[in-house]
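Presented below is the structure to which this report refers.
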Amino acid sequence: MEGMEAVCFEIISTVGAAKSAYIGAIEKAKTGDYEEAAALIDQGNEMYQEGHTAHVDMLQKDAAGEQKAEFSLLLMHAEDQMMMAETFRIVAEDFIDVYKRLTSCAN
Amino acid sequence: MKKILLVCNAGMSTSLLVQKMQKVVAEKNLDAQVEAQPLANAMDKIDDVDIVLLGPQVGFEKGNMEKDVNGRIPVDVIDMRDYGMMNAQKVLDKAFKTMEDFK
């Protein structure tokens, strides 16, 4: 796998895994396992950071004229997955809060 | 003949992995068939296969998928690094091991 394709796959796999972790965190909060939910958010953040680093690297190389970030469907998919992961992190953090409040209201 | 189903969001990233896995299957003469489906179509295929492998970006669907297959076959999430590097050999090896351990 060469250049752009490899970068895209690195981004897709890492931020994709982050997205799944964030969604998993909501599921854990739903069942009251807030510790595990927090752990999943942390894991998600670590994985997202890897993808983000690869993305920044790609942008810098493109700006420096080292490796042009050519448009491709795969790149678009990678960007899309990144935005989705970030969105889910924001949503997950809030949902965990909501579930905590629901539980304390119920008690 | 082991039938392996790869599932992801749109089918873009897994279709490349499937191609590489099919290449390994052909080269090593393995008794396996690998196909990829987007999440939306996966339900139609789960009854025909021996294992479902989820891409990391749809790993959160593991619980639902396990309910849908009703314990008949294993459901696994592909390792993030194996997926990112498109390491077809590793994904295949793990799939076979998972199917073996599931029995």
Those aspartates and glutamates that a straight Cα-Cα span of less than 18 Å connects to A:Lys30, excepting residues fewer than 8 apart in one chain: A:Asp42, A:Glu93, A:Asp94, A:Asp97, B:Glu61
For the protein assembly as shown, what is the calculated [θ] at 222 nm in deg cm²/dmol (nearest 500), taking -39500 (n - 2.57) for each run of four or more DSSP H residues and dividing by its residue count? -22500 deg cm²/dmol
Ranked by GNM mean-square fluctuation in chain A (Cα springs under 10 Å), the top entry among A:Leu59, A:Leu73, A:Leu40 is A:Leu73
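What dipole magnitude, in Debye to the nearest 20, does region B:2-102 give about its Cα centre under +1 on Lys/Arg Cβ and -1 on Asp/Glu Cβ? Walk me through the intermediate numbers first.
Values: 13 positive and 16 negative charges, 56 e Å.
Here region B:2-102 has a charge dipole of around 260 debye.
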Test item: B:63-75 mean partner chain Cβ contacts at 10 Å: 0
Cα-based helix-to-principal-axis angle, A:73-106 vs chain A, degrees rounded to 10: 10 degrees
Using 30 Å as the Cα-Cα cut-off, could you pick out the over-long pairs in B:Lys20/B:Lys103; B:Lys67/B:Lys97; A:Lys19/B:Lys28; A:Lys28/B:Lys28; B:Lys23/B:Lys103? A:Lys19/B:Lys28; A:Lys28/B:Lys28
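Over the protein assembly as shown, what lengths in whole Å, largest first, do the semi-axes of the equivalent ellipsoid take, defined as the square roots of 5 times the eigenvalues of the alpha-carbon gyration tensor? List each step's numbers first, then the result.
On the way: eigenvalues 167, 137, 30 Å².
Semi-axis lengths for the protein assembly as shown are 29, 26, 12 Å.
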Folded to 0 to 90 degrees: helix A:3-30 orientation relative to chain A principal axis, Cα: 0 degrees
Whose amide H sits under 5 Å from the amide H of B:Leu54, counting only residues 5 or more places off or on another chain, with H placed in the peptide plane? B:Val7, B:Asp76, B:Val77, B:Ile78
Principal-axis tilt of helix A:34-63 within chain A, Cα atoms, nearest 10 degrees: 20 degrees
Starting from 0 in steps of 5 Å, tell me what percent of the Cα-Cα pairs of chain A lands in each bin. 2, 14, 21, 18, 14, 10, 8, 6, 4, 2, 1, 0
For region A:2-106, build the charge dipole from Cβ charges (+1 Lys, Arg; -1 Asp, Glu) around the Cα centre, then report which of A:Ala69, A:Val91, A:Met58 sits farthest towards its positive end. A:Val91
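Under Stokes-Einstein, with the Kirkwood radius over Cα pairs standing in for Rh, what whole-number D in µm²/s applies to chain B at 4 °C and 1.567 mPa s?
97 µm²/s
Coordinate-derived values only; no laboratory data. On a predicted model such as this, the values are computed, not experimentally measured, just so you know. All Cβ positions, even for glycine, are placed from backbone atoms using ideal geometry, and neighbour counts span all protein chains on display.
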